[in-house]
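Beneath this line is the structure, given in structure tokens, with notes to follow.
The values are calculated or read from the model by the stated rules, or taken from the named source; none is laboratory data. On a predicted model such as this, the values are computed, not experimentally measured, just so you know. Glycine also receives a Cβ, built like all others from the backbone with ideal geometry; neighbour counts cover every protein chain displayed. We work out accessible area using only protein heavy atoms, side chains counted, and drop any ligands, DNA or RNA first. Shrake-Rupley method; radii C 1.70, N 1.55, O 1.52, S 1.80 Å.
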Amino acid sequence: MLKMARFLPFVLMLMLAGGAAAQEAADWTNPFPPFRIIGNLYYVGSQGLASYLIVTPQGSILINSNLEKSVPMIRESVEKLGFRFSDIKILLISHAHWDHCAGSAAVKELTGAKYMVMDADVPEIEAGGKGNFQYGEVLTSRYQPAKVDRVLHDGDTVRLGDTILTAHLTPGHTKGTTTWTTVVKEDGKSYNVVIVGSPNVNDGYKLVNNELYPQIAYDYQTMFQVLKALPCDVFLGAHGNYYGMEAKYARMKEGGPNPFIDPEGYKGYVAEREQAFRTELAKQIQEQERKMRNP
Ligand SMILES: [Zn+2]
């Protein structure tokens, strides 16, 4: 009984946090073979959590540190490709959720990389996930706080060697969700790369009357306008399932044209996700109106 009484507040807290406790998907920790996507851009993530390495003569950039336990796997992937983990000079993320940033403190410690994060996500990153509008009180969503070395603003660029990345604020999923773009060269051609931060409305997200994030619905709409305006040849994202990573990897191994060059896939994905957002928003507005009529 005593045990139950102690456990109960935690259960209530999880429920209050929107019902969506931090759950680890099985494929997040399944290893995946590292591979070159295009130009100087490599995949070094797991089956379910994407991580990207951009290699320049002046060192490397890592996008997404993933879970704390992902860090040794990312390191192994980097080394399997023939690069040095300690050459990572800059660490970036897709957004301040534990599955993309919990390993950042460890990556910083192991490499001395400079951590650069979009302004609106910085307070959460430096508080280890506290203050997140959805998961801030969910203990399993917390992570080791990490000091941000450079605060990014919408449109800022990150440069290393001859690589230039642009940080696009694409908010909604978190307040500082960042979509990264760059241009890679291969066989004398240039390709626009888009790494989508996340366009998804998670289970339990309140799009209407969200006291901790009043402008959430507006932000999602802004985000879709930004994504629709980005030129995209190479379509990537924070999770491989945004862009069919596994199927494309299999096709790549068969030879032929690079399947990651997929401008139509990008347009289709953004349109489908925008429709899903609009459907969810309409549902929540209807529910709100129903409650106002029958309080
Ligand atoms: Zn997320």
Inset, instruction - For the range 33-174, divide the Cα radius of gyration by the Kirkwood radius and give the resulting Rg/Rh value with two decimals. - result: 0.95
Legend entry - For S94, residues with placed amide H under 5 Å, excluding near neighbours: N64
Inset, instruction - Output the Cα-based Rg and Dmax of the range 187-295 in Å, rounding Rg to one decimal and Dmax to a whole number. - result: 17.8, 64
Inset, instruction - Within the range 127-225, report the GluC sites (Glu not before Pro) that DSSP leaves as loop and that have at most 15 other Cβ atoms within 10 Å. - result: E211
Inset, instruction - For the chain, give the magnitude of the charge dipole about the Cα centre (Cβ charges: +1 Lys/Arg, -1 Asp/Glu; no others), in debye to the nearest 20. - result: 320
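Would you calculate a helix-derived [θ] at 222 nm for the chain, using -39,500 (n - 2.57) for each DSSP H run of n ≥ 4 and dividing by the full residue count, to the nearest 500?
-10000 deg cm²/dmol
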Inset, instruction - With a 1.4 Å probe and every protein chain left in place, tell me how much accessible area V183 has, in Å² to the nearest 10. - result: 80
Legend entry - Stokes-Einstein translational diffusion, the chain - Kirkwood Rh over all Cα pairs, 1.002 mPa s, 20 °C, in µm²/s: 108
Inset, instruction - Would you work out which of Y249, P263, V151 lies farthest towards the positive end of the dipole of the chain, given +1 charges on the beta-carbon of Lys and Arg and -1 on that of Asp and Glu, about the Cα centre? - result: V151
Legend entry - Relative contact order (%) - the range 39-165, alpha-carbon pairs under 8 angstrom, separation at least six: 21
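Quick one: dipole size for the range 33-113, taken about the Cα centre, charges +1 on Lys/Arg Cβ and -1 on Asp/Glu Cβ, in debye to the nearest 20.
140
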Inset, instruction - Before anything else, pin down the relative contact order of the chain: Cα pairs under 8 Å, at least 6 apart, normalised by residue count, whole percent. - result: 14
